[in-house]
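So the structure is just underneath, and the comments pick up after that.
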Amino acid sequence: MDDGSMRYFQGFRCHYNDVLGPTKGGIRFHPQVTRAEIQALALWMTIKCAVLDLPFGGAKGGVVVQPKELSPMELERLSRAYMRSMADFIGPDSDIPAPDIYTNSMVMGWMVDEYEAIKRVRAPAVITGKPIALGGSRGREEATGRGAYLCIREVAARHNWQPDKIRVAIQGFGIAAYHVARLLQKDGYNIVAISDSKGGIYSDKGFNIDSLWEEKQNSKQVRAVYCEQSVCELVEHVEISNDELLALDVDLLIPAAIEGVIGLHNCDSIRAKTIVEVANGPVRSEAEASLAERGLTIVPDVLVNAGGVTVSYFEWVQNRSGYPWSLGRVREELEARMTTAVHETFRIAESEQRTLRNAAYVLALRRIGQAVQAHGTKEYFQNGDAQNSA
């Protein structure tokens with residue numbers, strides 16, 4: 001610590017499954033990190049990578065710490081200490097971390113530097129989500145939100161939505177929520193409600209997303225303003241709670257904050273016809289059946305927010321080849337991947353009468369299963385197929 005004392009923090013890294021390739025997953029710094037949480041998130045990453053047909057397995061890491069209590073120097077020393085502990089467990093061909101809750105591109109830069117010092121090699125591909133100057137990819141910051149937007153665009157095409165008639169409420173206003181809101185508004189959608197952890201705002205006329213984001217960066221709160229250059233003025237609105245936002249009469253509800261916000265305690269109050277999960281696990285499993293019975297469409301997190309890991313894959317590819325991509329190419333490749341994954345998920349859901357979440361898991365597990373079978377299964381060898389094929 002800065003005062004010369006020594007503190008110890010518990011850290012984790014889980015490789016859940018590497019059948020499809022090196023494991024991939026973020027590192028989070030949070031006081032409530034647990035081993036069980038890290039394992040569950042690593043499972044989710046396994047499914048996400050398989051749904052998007054990426055050559056990665058699933059991993060996750062974390063440190064039990066309140067990063068807001070650390071100075072910048074203490075945060076750097078903690079980041080480097082984590083990498084020293086994990087250097088033999090991580091590598092461009094084995095496990096590639098990325099940023100997560102309370103970690104960012106600078107933290108990733110420190111970790112890459114520490115890894116390279118330990119291994120005495122240049123290895124930018126060991127971590128993704130780095131600063132562009134250190135080998136990061138263009139388009140990484142917007143990737144999760146843009147991926148979610150691409151999913152919504154495909155859903156809109158299937159439901160013949162007219163964007164200017166679709167009312168949208170978004171719970172959460174982090175970087176992913178901002179980008180999906182910005183892109184939806186650009187297409188003509190009416191964003192009538194936005195919230196953060198302190199509460200939300202509602203206006204039937206909608207909000208200017210860029211103005212809200214600018215104010216959020218300056219004041220650290222969601223305020224109903226419209227800005228022209230440096231001049232902002234308050235616009236007519238109603239202050240609401242996060243629970244009230246979830247219960248609004250809107251066409252599209254986007255939970256983009258934390259997990260478990262929709263459960264048995266409030267699922268009866270949900271009036272949106274479509275829920276798109278930008279956050280991890282915002283709809284609890286016990287509530288999903290009730291929502292499905294009422295005809296709600298839930299587009300699952302393992303598909304919706306996979307844009308981040310997809311562009312992380314692109315960053316890894318760029319680092320391995322030593323050739324950076326343009327922003328246009330990143331966006332083009334992301335659109336192709338996301339659109340294909342959405343079409344495949346809908347195809348399984350429609351042909352096999354499954355929910356979209358179930359269909360996404362079926363798609364992922366089939367791909368993982370095919371990789372297992374390609375190595376030869378117990379049944380393959382017991383039935384003598386190996387001799388016949390030879």
Contact order normalised by length for the chain, with contacts defined as Cα pairs under 8 Å and 6 or more residues apart; what percent is it? 16
If you take the charge dipole of the chain about its Cα centre, with +1 on Lys and Arg Cβ and -1 on Asp and Glu Cβ, which of 306, 44, 81 is farthest toward its positive end? 81
Helix-only estimate, please: 222 nm mean residue ellipticity of the chain, summing -39500 (n - 2.57) across DSSP H runs of length 4 or more and dividing by its residues, to the nearest 500. -14000 deg cm²/dmol
How far is the Cα center of region 11-77 from the Cα center of region 285-314, in Å? 19
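I'd like the antiparallel share, as a percent to the nearest 5, of DSSP beta bridges with both residues in region 137-390.
That works out to approximately 40 percent antiparallel.
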Given the C-alpha centroids of region 183-211 and region 322-364, what is the distance between them in whole angstrom? 27
Just to be sure I understand the rule: take each whole DSSP H helix in the chain, project its Cα atoms onto its long axis, keep it if the span is 30 Å or more and its mean Kyte-Doolittle hydropathy is at least -1.0. Which ones pass? 327-351
Find the relative contact order for region 1-132 and round it to a whole percent, using C-alpha pairs within less than 8 Å whose residues are 6+ positions apart. 28
Give me Rg/Rg_expected for region 11-134, where Rg uses Cα atoms only and Rg_expected = 2.2 N^0.38 Å with N residues. 0.99
Please compute the alpha carbon radius of gyration of the chain, then divide it by the globular-protein estimate 2.2 N^0.38 Å. Two decimals is fine. 1.03
Highest mean packing first, using Cβ neighbours within 10 angstrom, the peptides 23-33, 300-310 sort as 300-310, 23-33
Scan around residue 95 for amide H atoms under 5 Å from its own, H built in the peptide plane at 1.01 Å from N, and keep only partners 5 or more places away or cross-chain. 23
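Quick note: the coordinates plus some simple rules give every number you see, no bench work behind them. The structure presented is a predicted model; accordingly, all values stated were derived computationally and were not measured. Every residue, glycine as well, gets a Cβ built from its backbone with ideal geometry; the counts of neighbours run over all protein chains shown.
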